[in-house]
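Contents: one structure, followed by commentary.
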Amino acid sequence: FLEPTGPVSEGERREFLRAQVNGRTFIETVEPDYELIEDGTAVDCSRWESQELDLSGSGVKLEWEGSCKKGDKLLLHMVFNGDQAPVCAVGEVVRAKAIKGSGMRLDIAVHFVQLSESGRDRLNNVVFKHFYQQVGSRFGTSLL
């Protein structure tokens with residue numbers, strides 16, 4: 001177990017490691033009682049939006065050209081590193097802020113409320129890989 005070396009505020013305690021990850025996403029609003037059914041099939045995501053995601057096993061921060069507010073439920077489909085099998089999750093919007101000068105684009109933070117165990121494992125693997133690649137590049141090493 002890791003222990004903090006000094007005082008830690010509540011906002012600094014994270015449940016999962018985070019990393020900046022490039023991915024493609026497709027997002028849609030869903031009803032509050034929506035139940036996630038993950039079929040795991042490959043999909044054509046060539047028209048999905050590519051962007052950098054602030055990703056963890058518990059949520060994601062990203063940009064979206066849609067309409068939502070805190071508490072809304074979203075269905076997120078995410079693909080990483082050319083993998084055609086999406087990770088699907090239902091998330092609750094914890095923050096939605098308009099991006100100045102971008103029209104209808106929002107900067108949103110979403111906490112996953114429905115995510116399969118295999119989906120969470122895949123997210124954690126992507127995050128760990130990118131985190132260690134970023135750290136290794138600072139020290140002149142790479143993750144094999």
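Brief remarks follow.
- Residue in segment 16-30 that is modelled with pLDDT of 70 or more, open to solvent by 60 Å² or more (accessible area, probe 1.4 Å), hydroxyl-bearing (S, T, Y) and in a loop (DSSP other than H, G, I, E, B) present: no
- When F112, F80 are checked against the criterion of being in contact with a Gly (Cβ under 6 Å, 6 or more places away or on another chain) and at pLDDT 95 or above, F112 stands alone in meeting it.
- Among residues of segment 39-67 that are of a type in the set (K, R), those with a Cβ under 9 angstrom from a residue that is open to solvent by less than 20 Å² (accessible area, probe 1.4 Å) and at pLDDT 75 or above, sequence gap 6+ or separate chain, pair up as K61/L53; K61/L55; K61/I108; K61/A109; K61/V110.
The values are calculated or read from the model by the stated rules, or taken from the named source; none is laboratory data. Because the structure is predicted, anything quoted here is derived from the model rather than measured. Using ideal geometry, Cβ is built from the backbone for each residue, glycine included, and neighbour counts are taken over all protein chains shown. Side chains included, ligands, DNA and RNA excluded: accessible areas come from the protein's heavy atoms. Shrake-Rupley method; radii C 1.70, N 1.55, O 1.52, S 1.80 Å.
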